[in-house]
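Worksheet: the structure to be examined is printed underneath.
The values are calculated or read from the model by the stated rules, or taken from the named source; none is laboratory data. In this text, all values refer to a predicted model and were calculated from it rather than measured experimentally. Note: ideal-geometry Cβ built from the backbone for every residue, glycine included; neighbour counts use all protein chains shown. In case anyone asks, the SASA skips ligands and DNA or RNA and just uses the protein heavy atoms, side chains included. Shrake-Rupley method; radii C 1.70, N 1.55, O 1.52, S 1.80 Å.
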Amino acid sequence: QVQLVESGGGLVQAGGSLRLSCAAHGSIFSFYGMGWGRQAPGKQRELVAHSTSDGGTNYADSVKGRFTISRDNAKNTVYLQMNSLKSEDTAVYYCFVNAYSTPSPLADAFWGQGTQVTVSS
């Protein structure tokens, strides 16, 4: 069993920054993949950023150059630094972890409860 505790969401003006954090607790000692997804009203959940334990990173095209994912493996914690925020970034952001390498990181994941990010224009 894995529990993910997210923090850092909130309301910010367009052009501003936020930093999300997610700490993983439970019976799994380490995670191959750690990342963030988001879901806006009326839309499907989408991948925002993903980091693997062998150093790989992957970003949605819409956030490249603005968002940065990082992780502290010793603390089983993943971060998402979000800069130059836009109104279209408004969504519930969910942390996820993968216990092993998988071609479907969103499907084969433990998910957090989500944190709201609202960007006002």
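How large is the convex hull of the C-alpha atoms of region 60-121 per residue, in Å³? Can you show the working numbers first?
Details: hull volume 6.8 nm³, N = 62.
That works out to 109 Å³ per residue.
Would you mind working out the accessible area per residue for the chain, using a 1.4 Å probe, and quoting it in Å²?
52 Å²
What does the charge dipole of the chain about its Cα centre add up to, to the nearest 20 debye, if the Cβ of each Lys and Arg holds +1 and the Cβ of each Asp and Glu holds -1?
The dipole magnitude comes to about 180 debye.
If packing is taken as the mean number of other Cβ atoms within 10 Å per residue, what is the order of 44-55, 75-86, highest first?
75-86, 44-55
Quick one: how many Å² of residue 111 are accessible to a 1.4 Å probe, rounded to 10?
That residue has around 70 Å² of solvent-accessible surface.
Quick one: Cα centre-to-centre distance for region 20-55 and region 57-74, in angstrom?
10 Å
Non-local amide H neighbours of residue 16 (under 5 Å, H modeled in plane, Pro and chain starts lacking H): which ones?
Placed amide hydrogens put 85 under 5 Å from residue 16.
Residue farthest toward the positive end of the dipole of the chain, with Cβ of Lys/Arg at +1 and Asp/Glu at -1: which of 36, 92, 57?
With unit charges placed on the Cβ atoms, the residue in question is 92.
Compute the FRET efficiency between residue 70 and residue 121 as 1/(1 + (r/R0)^6), taking r as their Cβ-Cβ distance and R0 = 35 Å, and round to the nearest 0.05. Each step should come with its number before you reach the end.
Numbers: r = 28 Å, r/R0 = 0.79.
The formula returns an efficiency of 0.80 here.
Can you give me the % of accessible surface on the chain that is carbon or sulfur? Probe 1.4 Å, all protein chains present, nothing else counted.
Here carbon and sulfur together make up 48 percent of the probe-accessible area.
Got the relative contact order for the chain handy, in percent, Cα pairs under 8 Å and 6 or more residues apart?
The normalised contact order for the chain reaches 35 percent.
Using the Cβ atoms and a cut-off under 14 Å, what net charge is assigned to the surroundings of residue 12, where Lys and Arg are +1 and Asp and Glu are -1?
+1
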